[in-house]
Amino acid sequence: MNFLYRIRCAMARFMYGRNGVDQLSWALLVFELVLSLLVPMLGIDALTIVAQIVSYICSFLIFFRIFSRNLPKR
């Protein structure tokens, strides 16, 4: 068996029962990218730190929603 094929099968087994990326996850990802690209251009240090914290929270929410098996709460 090919190594990449085995990894693909393992990921498919891991993602079984999970929905993966939904519309809210995509929206959070776009928001995070816009936030992380535009705020540092402003040059305000305090705003950059707050934007980084919000970006980390968005990343956590995205991964939590992707790997969540609790579909009724989603």
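What does a probe at TYR16 reach in region 50-74, counting residues whose amide N is under 16 Å from the point 7 Å along Cα→Cβ? Taking a point 7 Å out along Cα→Cβ of TYR16, the residues of region 50-74 whose backbone N falls under 16 Å are 69. Compared with the dominant Cα axis of the chain, that is its longest principal axis, helix 45-67 is turned about 20°. Sparsely packed loop sites in the chain (the chymotrypsin sites (Phe, Trp or Tyr not before Pro) outside DSSP H, G, I, E and B with at most 11 other Cβ atoms within 10 Å) comprise TYR16. Average accessible surface for the chain: 82 Å² per residue, computed with a 1.4 Å probe over protein heavy atoms with every protein chain in place. 3J(HN,Hα) couplings calculated from phi for region 8-14 with the Karplus curve 6.51 cos²θ - 1.76 cosθ + 1.60 (θ = phi - 60°) are, in sequence order, 4, 5, 5, 5, 5, 5, 5 Hz; Gly and Pro show x. Note on region 3-74: with neighbouring protein chains present and a 1.4 Å probe, carbon and sulfur make up 73 percent of its accessible heavy-atom surface. Couplings 3J(HN,Hα) for region 37-43, derived from phi with the Karplus relation 6.51 cos²θ - 1.76 cosθ + 1.60 (θ = phi - 60°), are 8, 8, 5, x, 5, 6, x Hz, where x marks Gly and Pro.
Note on region 13-74: Cα-only Rg and Dmax are 14.3, 45 Å.
The values are calculated or read from the model by the stated rules, or taken from the named source; none is laboratory data. Computed from a predicted model, the values in this text were never measured in an experiment. Cβ atoms come from the backbone with ideal geometry, glycine included; neighbour counts cover every protein chain shown. Each accessible area value is taken on the protein alone, full model and side chains, heavy atoms only, with ligands, DNA and RNA left out. Shrake-Rupley method; radii C 1.70, N 1.55, O 1.52, S 1.80 Å.
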